[in-house]
Amino acid sequence: MKKVCAVMSLINNKGFTLLSLLISISVLFLLTPMIVHFISFIQSVESSYDQSELEIRHVHFFIQNEVNRSIKQHYNDYSISLVNQDGTTIKYELYGDQIRRRVNNTGHEVILRNVKEFKVSKLNEQTYKIVISKGDQHTFERIYFMQNFEEHPPYS
């Protein structure tokens, strides 16, 4: 017991020593370059995945999903209508500066805002091209291959 008390009396618990201060400053100097490198890495990742491009790709994903389930398609320059096997019509159209989705021409769901251009064009009998441009100059186009299954539906 006397040895423990003797050791405890040698330890000064009143605050930082010069040695502990030097160690903490040296650790801080060693970590600073890594923190700066990490922050620059995070900024480069954020700029490579632009929000507008992801939004436009998301809209194309929705359209592709509907195209895959459709048996018949109608289009004009600013809209495309897709008819499912049960007779439901899904329409994607430019409405002001928005792309909206309508089911059987009732209600609407806004799919994308701040749209500058939504252009649908037919390349041949089974191929359509859809171009979407946002107000911040991001443009993405995609070609869709569609089949007319009126005579032979795929799920009959």
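The values are calculated or read from the model by the stated rules, or taken from the named source; none is laboratory data. In this text the structure is predicted, and so the values were computed from the model without any measurement. In this analysis, Cβ positions are derived from the backbone assuming ideal geometry, glycine residues included, and neighbour counts consider all displayed protein chains.
Is it true that some residue in segment 55-68 is free of Cβ contacts under 8 Å to residues at least 60 places away in the same chain, part of a strand (DSSP E or B), within 28 Å of ASP136 (Cβ to Cβ) and not aromatic (Phe, Trp, Tyr)?
Quick first cut of segment 55-68, residues free of Cβ contacts under 8 Å to residues at least 60 places away in the same chain only: 58, 61-62, 65-66, 68.
Checking the rest, the ones that are also part of a strand (DSSP E or B) come to none.
Within segment 55-68 (the criterion being free of Cβ contacts under 8 Å to residues at least 60 places away in the same chain, part of a strand (DSSP E or B), within 28 Å of ASP136 (Cβ to Cβ) and not aromatic (Phe, Trp, Tyr)), the answer is no, since none of the residues qualifies.
From the residues in segment 1-54 that are in a helix (DSSP H, G or I), of a type outside the set (Asp, Glu) and within 30 Å of ARG100 (Cα to Cα), which one is modelled with the highest pLDDT?
Applying the first criterion (in a helix (DSSP H, G or I)) to segment 1-54 yields 2-10, 18-48, 51-54.
Pick out the ones that are also of a type outside the set (Asp, Glu) and you get 2-10, 18-45, 47-48, 51-52, 54.
Now drop any that are not within 30 Å of ARG100 (Cα to Cα), which leaves 47-48, 51-52, 54.
Details: SER47: 55, SER48: 47, GLN51: 74, SER52: 75, LEU54: 81.
Checked segment 1-54; the qualifying residue modelled with the highest pLDDT is LEU54.
For segment 79-103, filtering for residues that are within 15 Å of ASN114 (Cα to Cα) and in a loop (DSSP other than H, G, I, E, B) leaves 2.
If I ask for residues that are exposed (fewer than 13 other Cβ atoms within 10 Å of the Cβ), outside any strand (DSSP E or B) and either modelled with pLDDT of 85 or more or within 20 Å of the chain's Cα centre (by Cα) (or both), which ones from segment 128-153 would you list? The answer is GLY135, ASP136, GLN137. Condition (residue is in contact with a strand residue (DSSP E or B) (Cβ under 7 Å, 6 or more places away or on another chain), at pLDDT below 90 and not aromatic (Phe, Trp, Tyr)) applied to segment 87-104: is it met by at least one residue? The answer is no; no qualifying residue exists. The set of residues from segment 104-127 being polar (S, T, N, Q) and in a strand (DSSP E or B) comprises THR106, SER121, ASN124, THR127.
With the structure loaded, tell me whether THR89 is surrounded by 14 or more Cβ atoms within 10 Å (Cβ to Cβ) and out of contact with any Cys (no Cβ under 9 Å at 6 or more places or on another chain) or whether it fails that test. For THR89, the condition - surrounded by 14 or more Cβ atoms within 10 Å (Cβ to Cβ) and out of contact with any Cys (no Cβ under 9 Å at 6 or more places or on another chain) - is met.
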